[in-house]
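Notes to accompany the following structure.
The values are calculated or read from the model by the stated rules, or taken from the named source; none is laboratory data. Being a predicted model, the structure only gives us computed values, none of them experimental. Neighbour counts are summed over all protein chains in view; Cβ atoms, including those assigned to glycine, are modelled from backbone coordinates with ideal geometry. Side chains are part of the model used for accessible areas, which takes the heavy atoms of the whole protein and leaves out ligands, DNA and RNA. Shrake-Rupley method; radii C 1.70, N 1.55, O 1.52, S 1.80 Å.
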Amino acid sequence: MASSSLFQSPSSFSIKLQNPTSPNPPTTKPHFTTIKCSSTKCRENIRDDAHRHNTTHSHHFSAKYVPFNGDMSSSSESYSLDEIVYRSQSGGLLDVQHDMAALKNYDGKYWRDLFDSRVGKTTWPYGSGVWSKKEWVLPEIDSDDIVSAFEGNSNLFWAERYGKQVLGMNELWVKHCGISHTGSFKDLGMTVLVSQVNRLRKMKRPVVGVGCASTGDTSAALSAYCAAAGIPSIVFLPANKISLAQLVQPIANGAFVLSIDTDFDGCMQLIREVTAELPIYLANSLNSLRLEGQKTAAVEILQQFDWQVPDWVIVPGGNLGNIYAFYKGFHMCKELGLVDKIPRLVCAQAANANPLYLHYKSGWEEEFKPVKANTTFASAIQIGDPVSIDRAVYALKKSDGIVEEATEEELMDAMAQADSTGMFICPHTGVALAALIKLRNKGVIGPTERTVVVSTAHGLKFTQAKIDYHSKEIKDLACRFANPPVQVKADFGSVMDVLKKYLSKSEAPQH
Ligand SMILES: Cc1ncc(COP(=O)(O)O)c(C=O)c1O
Ligand SMILES: N[C@@H](CCOP(=O)(O)O)C(=O)O
């Protein structure tokens, strides 16, 4: 990607790593370490505190792996979550099946009140947006085995200005899953997977490390959670295809990083072969444990709307685990009586990596065909052979869902326009917003329909894409919303001239 001289000021756009030594150490300690005594009693740490006050009834509940076949009822094949298994006997996907009968012993109000009562607390592990739903996630894990950074509970942002000005909508919301420990929604799934690995290692199961293929976000989450627990992590990255900010994350967290001369699909193939041979636990979303954590974002959205169901939820799709995770979270809330319907789901793909879109356009009729994914600014979804294709098709069919695609110009313009209204989103969220624009223009999504766009990663991971855009140096892109800095001499008169010119425009620039 091009980078402009406009952006080569060493202070403003340096890519050098900052000195990590902070002059101001934090006044409160992180969740991984000891908390100081309170006035009347001494709490050694929040884990010990949780032991003493463990009022949870998690032990009433259980979950197991079953073959993923949609309704999950027709097979007798099942596995304990303590087994190391990623595929069914027939080679198909697995799913985590909860004991729904046991969960149904409690009504919807009970679950709503329980989940609401845990928001914003530090009681281990419920301060996490994932573990506040522990009974629905990994009911049998000991809280002491949980590896958490109190992920989740992310901002559901009312995108008022963008919604009104760009889309004529009053009810546009952006679920900022990327404002998270490692800057993406992957934290939601990784806390679950690494916690289970922690448990397996304590049980002396043969797991020497945890590995993944990644377009940058899975690897960041895996390496951070493993580092917190002292578990070795191994990441396979496609060489030169992920952002610098994403690359440095596993490096900094001490992962064993392999930069491989292939694309994500090639890395995925390799990690599957390697984890079949070595006692390295597979951390990609092929492993259905991940989706148990990711599904809590759906529950959280309902919770944030006071258990009112939005009309639409739009999710950018790559390896396609997340769209199913959202479906599963919404569906569980309906089945257990927390809400009475589910939203319609939209999966948004980059046109340069659109195998699901092509399959959808065939009316789901033709056999699914993987594609060779082309380069896209939405680099984390540059995936041509998604492992969760069956899960995604199921989720979309069951939710009366839609698949939309966005060109590079559409996704970058959507991202820039969203940024100009106060957000700082990633290109993948740009894909989702561009899909929304198309669906609004076609009249599929109405002006008063409450719509949630899932923002999957932090914009700070993708600054180079933004620099390229605002430099207006991207081949074949008009970069309509570029806002390059103005070069000006360091004297009062020159500064006044450019300011007067700027202020004399009839109104402030509207993006
Ligand atoms: C930032 C970002 N957005 C969206 C996705 C797509 O999620 P999924 O692979 O679950 O479809 C990914 C990873 O693939 C991602 O890293
Ligand atoms: N975008 C992902 C791709 C892999 O997805 P996963 O959910 O199967 O791990 C990444 O960041 O690596």
So for the pair Lys361, Ala239, with labels modelled 7 Å out along Cα→Cβ, what separation do we get in nm?
3.3
What is the range 143-283 by shape, rounded, prolate or oblate, if you read a ≥ b ≥ c off the alpha carbon gyration tensor as root eigenvalues and call it rounded for a/c under 1.5, prolate for a/b larger than b/c, and oblate otherwise?
oblate
Span from the the range 469-504 Cα centroid across to the the range 349-390 one, whole angstrom:
38
Dipole check, the range 188-288, charges on Cβ (K,R +1; D,E -1), about Cα centroid: among Met203, Ala252, Phe236 the Cα furthest to the positive pole belongs to Met203
Sort the range 348-448 into rounded, prolate or oblate with this rule: let a ≥ b ≥ c be the square roots of the eigenvalues of the Cα gyration tensor; rounded if a/c is under 1.5, and if a/c is not under 1.5, prolate when a/b is larger than b/c, oblate otherwise.
oblate
Calculate, in nm to one decimal, what Val444 and Asn483 gain on full extension: separation in residues at 0.36 nm each, minus their alpha carbon distance.
10.9 nm
Share of antiparallel DSSP beta bridges in the chain, in percent to the nearest 5?
30
Say R0 is 51 Å: what FRET efficiency, to the nearest 0.05, do Asn155 and Tyr79 get from their beta-carbon distance?
0.90
Among the listed pairs Lys241/Lys372; Lys134/Lys164; Lys64/Lys204; Lys372/Lys461; Lys64/Lys328, which have their C-alpha atoms separated by more than 26 angstrom in this model?
Lys134/Lys164
Carbon and sulfur atoms: what percent of the 1.4 Å accessible area of the chain do they account for?
52
Quick one: length gained pulling Lys369 to Ala102 fully straight, 0.36 nm per residue minus the C-alpha distance?
92.1 nm
Pairwise centroid distance, computed over Cα atoms, of the range 193-223 with the range 232-274, Å
14
How much net charge surrounds Ala482 when only other residues with a Cβ under 13 Å from its Cβ are counted (Lys, Arg +1; Asp, Glu -1)?
-2
Go through His470, Ile381, Ala435 and say which Cα lies farthest out towards the positive end of the charge dipole of the range 353-507; charges sit on Cβ, +1 for Lys and Arg, -1 for Asp and Glu.
His470
Using packing as a proxy for protection, rank 424-435, 407-418, 113-124 so that the peptide with the highest average count of other Cβ atoms within 10 Å comes first.
424-435, 407-418, 113-124
Surrounding charge for Ala351, neighbours by C-beta under 14 angstrom, Lys/Arg +1, Asp/Glu -1, total -4
Separation in nanometres of the label points that stand 7 Å from Cα toward Cβ, at Thr463 and Lys397
4.6
Quick check on the chain: helices-only [θ] at 222 nm, where DSSP H runs of length 4 and up contribute -39,500 (n - 2.57) each and the sum goes over total residues. Nearest 500, please.
-10500 deg cm²/dmol
Relative contact order for the chain using alpha-carbon pairs under 8 Å, separation at least 6, rounded to a whole percent?
15
Each label sits 7 Å from Cα toward the beta-carbon; between Ser90 and Glu140 the label points are separated, in nm, by 2.5
Name the shape class, rounded, prolate or oblate, that the alpha-carbon gyration tensor gives for the range 280-372, where a ≥ b ≥ c are the square roots of its eigenvalues, rounded holds for a/c under 1.5, and otherwise prolate holds if a/b is larger than b/c and oblate otherwise.
oblate
Within the range 310-344, which trypsin sites (Lys or Arg not before Pro) sit in a loop by DSSP and count at most 12 neighbouring Cβ atoms inside 10 Å?
Lys341
Could you work out the relative contact order of the range 356-439, using alpha carbon pairs under 8 angstrom and six or more residues apart, expressed as a whole percent?
26
Run the reach check for Lys109 against aspartates and glutamates, Cα to Cα strictly under 20 Å, same-chain hits fewer than 8 apart removed. What comes back?
Asp99, Glu135, Glu300, Asp306, Glu335, Asp340
Which length gain, in nm to one decimal place, applies between Asp113 and Asp306 when the Cα-Cα distance is subtracted from 0.36 nm times their residue separation?
68.4 nm
At what distance in angstrom do the alpha carbon centres of the range 113-130 and the range 450-468 lie from each other?
27
Excluding Glu171 itself, calculate the net charge of residues whose Cβ lies under 11 Å from the Cβ of Glu171, where each Lys or Arg counts +1 and each Asp or Glu counts -1.
-1
